[in-house]
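Report on one structure; see the data block that follows.
The values are calculated or read from the model by the stated rules, or taken from the named source; none is laboratory data. The model shown is predicted, which means the values in this text are computed figures rather than measured ones. Neighbour counts are summed over all protein chains in view; Cβ atoms, including those assigned to glycine, are modelled from backbone coordinates with ideal geometry.
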Amino acid sequence: MLMAFLIAVGVVCAINTALALLMVAAEAFIADYGACTITVNGERKLAVEGGQSLLSTLKAERIFIPSACGGRGSCGLCKCRVTGGAGNPLPTEEPWLSAEEKAQGVRLSCQVRVKGDLAIVIPAELFNVVQYTTRVTAIRDLTHDIRELRLRLLEPAAIRFAAGQFIQFEVPPYDLTDEPVYRAYSVASPPSVRGEIELEIRYVPEGICTTYVHRHLKVGDAVTINGPYGDFRLRDGEREIIFIAGGSGMAPIKSILYDMREKGIRRKATYFFGAKALRDLFLLDEMRAMEKALPAFRFVPALSAPEAADDWSGERGLITEVVGRRVPDASAMEAYLCGSPLMIDACIEVLKRKGLAEDRIFYDKFA
């Protein structure tokens, strides 16, 4: 009886799998949606061919919606309002959309397939996003798994961005992808340097972009990017600042600090930087030089699991523990955080317990 039941379950699963594959095949190879019109912000009309995702379709029209996962529906970044023609959100979108966003028609553009005419609303600043051709002029290993890239802009030859913003890096087809894929990376260089940008990219095993950068990219190679994106930037004012980052989260904070130095911003600021062991720390000399250039600035690196040979006499523990020890009262401060979602969420809770209002906590999460 048990064997018959298991066989029946197996048959049902096999049938469902076959039907799902047939639906995917039909979607990819049989369906022909023909010419469609996308109306943008009620005024601009795009004549496009149906069948692709909204994200990809807009990219082909040189309208770039930010996406950190390359269109897999795993970052929740590529949101836009779809006011007509798209139907209800898919299950893959549900985790990323609040009830308010659903009521407003917000969708993940990578999950909306263009099957007919659509009406969408996107921020006006996205029309200012530009695609750039660049060339790699320098590659430097900052740690065992973080690599710094310097890209010289070729066409256009200059970029305007705010310290803290990010660009999207195009990975061409290679072993891990049969089509171009975009990934988001914060700019590490200051906005005053308009003819080139620096990126800090951490290696993730089997990561499409990080593997390409760490295993294949060479000085002299051409790279396509687009941007800038994001509203992670220093707010005007005189409040004391807390910066918190870990790993390649250093990039936007570094850009903000260089911008502060160049503009003569002398606000009191403390930068808490978390790493596991000594080999994961980098740019220490640059941060000590920043302390001399900005007298009210202090850099506080911390190791959560130093190795025996590290001979570390600085702060120890998770960065949340260090912030908890070093910041008795944050009620009059503002904070800028960059790192993994878990780290940022934990830091937000610590800062709130220290009296910092959540609307003065600004962050840039990356997976």
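Residues of region 272-299 that are of a type in the set (A, V, I, L, M), under 18 Å from TYR336 (Cα atoms) and buried (at least 16 other Cβ atoms within 10 Å of the Cβ): ALA275, MET287, MET290, LEU294. If you go through region 50-98 and keep only what is hydrophobic (A, V, I, L, M, F, W, C), under 19 Å from the mean Cα position of the chain (by Cα) and over 26 Å from ILE201 (Cβ atoms), you end up with CYS80, LEU97. When the residues of region 119-155 are narrowed to those that are among the aliphatic types (A, V, I, L, M) and under 19 Å from the mean Cα position of the chain (by Cα), which ends up farthest from PHE169 (Cα to Cα)? Top of the filtered list is ILE122. Evaluating ALA308 against the criteria (1) closer than 24 Å to CYS75 by Cβ; (2) surrounded by fewer than 19 Cβ atoms within 10 Å (Cβ to Cβ) leaves one unmet condition, (1). Where strands (runs of 3 or more DSSP E) sit wholly within region 173-282, those with at least 2 residues that are of a type outside the set (Ser, Thr, Tyr) and either under 19 Å from ALA335 (Cβ atoms) or in contact with a Cys (Cβ under 9 Å, 6 or more places away or on another chain) (or both) occupy 181-186, 240-246, 269-275. Taking strands (runs of 3 or more DSSP E) as the structural unit, those lying wholly within region 87-164 and holding at least 1 residues that are in contact (Cβ under 8 Å) with a residue 60 or more places away in the chain and either surrounded by fewer than 19 Cβ atoms within 10 Å (Cβ to Cβ) or aliphatic (A, V, I, L, M) (or both) correspond to 118-121, 130-141, 146-155.
Of the residues making up region 64-86, those that are on the phi < 0 side of the Ramachandran plot and touching a residue at least 60 places away in the same chain (Cβ under 8 Å) are PHE64, ILE65, PRO66, SER67, ALA68, CYS69, SER74, CYS75, LEU77.
Within region 202-221, being touching a helix residue (DSSP H, G or I) at 6+ places or on another chain (Cβ under 6 Å) and either closer than 22 Å to ASP178 by Cα or not assigned by TED's automatic domain parsing to the domain that holds GLN165 (or both) holds for TYR203, VAL204.
For (1) farther than 17 Å from LYS45 by Cα; (2) assigned by TED's automatic domain parsing to the domain that holds ALA47; (3) modelled with pLDDT of 90 or more, each residue gets a yes or a no:
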position	(1), (2), (3)
CYS75	yes, yes, no
ARG81	no, yes, yes
ALA86	no, yes, no
LEU97	yes, yes, yes
VAL114	no, yes, yes
ALA138	yes, no, yes
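Of all residues in region 277-297, none that is not assigned by TED's automatic domain parsing to the domain that holds LEU257 has its Cβ atom under 6 Å from the Cβ atom of a residue that is part of a loop (DSSP other than H, G, I, E, B), 6 or more apart or on another chain.
The residue of region 315-347 that is surrounded by the fewest Cβ atoms within 10 Å (Cβ to Cβ), among those that are among the β-branched types (Val, Ile, Thr) and closer than 24 Å to MET260 by Cβ, is VAL327.
Of all residues in region 177-191, none that is assigned by TED's automatic domain parsing to the domain that holds MET250 has its Cβ atom under 9 Å from the Cβ atom of a residue that is assigned to a strand (DSSP E or B) and surrounded by fewer than 22 Cβ atoms within 10 Å (Cβ to Cβ), 6 or more apart or on another chain. Within region 65-76, the set of residues being more than 19 Å from THR177 (Cα to Cα) and either in contact with a Phe, Trp or Tyr (Cβ under 8 Å, 6 or more places away or on another chain) or surrounded by fewer than 20 Cβ atoms within 10 Å (Cβ to Cβ) (or both) comprises PRO66, GLY76.
The residues listed here are ALA308, ALA302; of these, the one that is under 21 Å from PRO252 (Cα atoms), assigned by TED's automatic domain parsing to the domain that holds GLY246 and among the small types (Gly, Ala, Ser) is ALA302.
Only one of the listed residues (ALA184, ALA158, ALA222) is closer than 25 Å to GLY76 by Cβ and aliphatic (A, V, I, L, M). That residue is ALA184. Taking the listed residues TYR271, TYR258, the one that is over 27 Å from LEU154 (Cβ atoms), within 21 Å of the chain's Cα centre (by Cα) and of a type in the set (Phe, Trp, Tyr) is TYR271, with no other qualifying.
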